[in-house]
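Written out below as structure tokens is the structure these notes cover.
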Amino acid sequence: MTEQPLSILIAGASGFIGTPLVRALRDAGHHVSTLVRREPHSPTEFRWAPGRRPLDPAVLDGADVVINLAGASIAKLPWTETYKQEIRSSRVDATDTLVEAMRHASTPPKLFLSGSASGIYGDRPSDVLQDDAGAGPGFLADVCVAWEAAAAAAPEGVRVVTLRTGIVIGEGGGALAPLLPLTKLGLGSRLGTGGQHWPWIALQDEVGAIVHLATAAPGVSGPVNLAGPEPAVAERITKRVAEDLHRPYLFRVPEFALRALLRDAADEMLLSSQQMVPTKLLESGYAFRYTRAEDAVDAVL
């Protein structure tokens, strides 16, 4: 961990990942400021409107690290054409706004951690996906390619890391949010074959990995897979939720039914297979708190 406190600016600080991240960084003694879309309520908040007006470059002056987690939720369904455009523009516009401010800042940050996602790989059932694996097909893959390209446009001298986040298991949101209510009703189900790889990561490790990359991994750049060290298929996760809740696990929801209900979101979010390997994270010295998907589910339930 860095000995000297860092000045860190975060976009997307109020979300499922951003909220505990701010807390963890402040608990570690770092100076954290946040970008908000409302009137600021404290001296550490700065208002911005990505895609509508430039960000004052002075907001970045003195920031050692900028962390960008901004973006509309992909869990909001259905994905209408209008909402799909919002998923893309909310990510790219936010990243463009930050990068443009960096170009005009008197002292740009040394490090830019910018969001991305496992969706960049598309459906790759036969591949073991290292951090530098290329993009696959699909809507989310196209979104992530544009998102990462926007981050890569940061000015010279800014080290860029793109956070290819998998399926986050934690309290209050993430992967468990749609599974819990159905399972509590006794409708716990295998989704499709259940054999597709879900690139899971515990929320504590998602936050821990970002803190590690921001403060203790000076040699890391480019895309980084944020996924647990032991791959898991979907059925291991959905079945464990039912076991922990002491509810039946009797059904299988076929692919056609998921597609009829969720359209292309079914293939993109539930049925795609991505066996991600967190090689860079492990080689940089990060120690996972949860190495098995079942343990991550147990910790929540």
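The values are calculated or read from the model by the stated rules, or taken from the named source; none is laboratory data. Quantities reported herein were computed from a predicted structural model and do not represent experimental measurements. Cβ atoms come from the backbone with ideal geometry, glycine included; neighbour counts cover every protein chain shown. Accessible surface is based on the protein model in full, side chains and every heavy atom, while ligands, DNA and RNA are left aside. Shrake-Rupley method; radii C 1.70, N 1.55, O 1.52, S 1.80 Å.
Brief remarks follow.
- Relative to the longest principal axis of the Cα atoms of the chain, helix 81-104 runs at roughly 30 degrees.
- Normalised contact order of the range 184-283, rounded percent, pairs of Cα under 8 Å and 6 or more residues apart: 50
- Dipole magnitude for the chain: computed about the Cα centre from +1 point charges on Lys and Arg Cβ and -1 point charges on Asp and Glu Cβ, it is near 620 debye.
- Against the main long axis of the alpha-carbon atoms of the chain, helix 139-152 sits at an angle near 20°.
- Dipole of the range 111-190, positive end: most advanced residue of GLY115, ALA177, VAL143 [Cβ charges, Cα centre]: ALA177
- Taking the C-alpha atoms of the range 44-159, convex hull volume expressed per residue in Å³: 117
- Test item: Cα-centred dipole of the range 214-301, Lys/Arg +1 and Asp/Glu -1 on Cβ, debye: 80
- Set of lysines with alpha-carbon distance to LYS84 below 17 Å, sequence-local pairs under 8 removed: LYS76
- Heavy atoms of MET102 accessible to a 1.4 Å probe, total area in Å² rounded to 10: 0
- Note on GLU230 and ARG52: their simple-model spin labels are 4.7 nm apart, each label 7 Å out from Cα toward Cβ.
- Cut-off of 10 Å, at most 15 other beta carbons, DSSP loop: longest stretch of the chain lacking such GluC sites (Glu not before Pro): 4-155
- Computed with the Debye formula from one identical point scatterer per Cα of the range 76-137, without solvent, the log10 of I(q)/I(0) at q = 0.13, 0.14 Å⁻¹ comes to -0.56, -0.64.
- Mean residue ellipticity at 222 nm, helices only, the chain: -10500 deg cm²/dmol; runs of at least 4 DSSP H residues each add -39,500 (n - 2.57), and the sum is divided by the number of residues.
- The listed residues SER116, SER14, once ranked by accessible area (1.4 Å probe) with the largest placed first, stand as SER14, SER116.
- Per residue, the solvent-accessible area of the range 54-201 (1.4 Å probe, heavy atoms of protein chains only, all protein chains present) comes to 41 Å².
- Listed residues HIS30, HIS246 arranged by accessible area, highest first, probe 1.4 Å: HIS246, HIS30
- Share antiparallel - DSSP beta bridges, the chain, percent rounded to 5: 10
- Accessible surface ranking for PHE112, PHE288, PHE251, PHE46, 1.4 angstrom probe, highest first: PHE251, PHE46, PHE288, PHE112.
- Compactness check for the range 102-162: Cα Rg over 2.2 N^0.38 Å is 1.32.
- For the range 73-218, the share of DSSP beta bridges that are antiparallel, to the nearest 5, is 15%.
- With every protein chain in place, the range 1-92: carbon and sulfur % of accessible area (1.4 Å): 51
- Angle in degrees between helix 234-245 and the longest Cα principal axis of the chain, rounded to the nearest 10: 80
- Using a probe of 1.4 Å on the protein chains alone, the accessible area found for ASP96 is around 70 Å².
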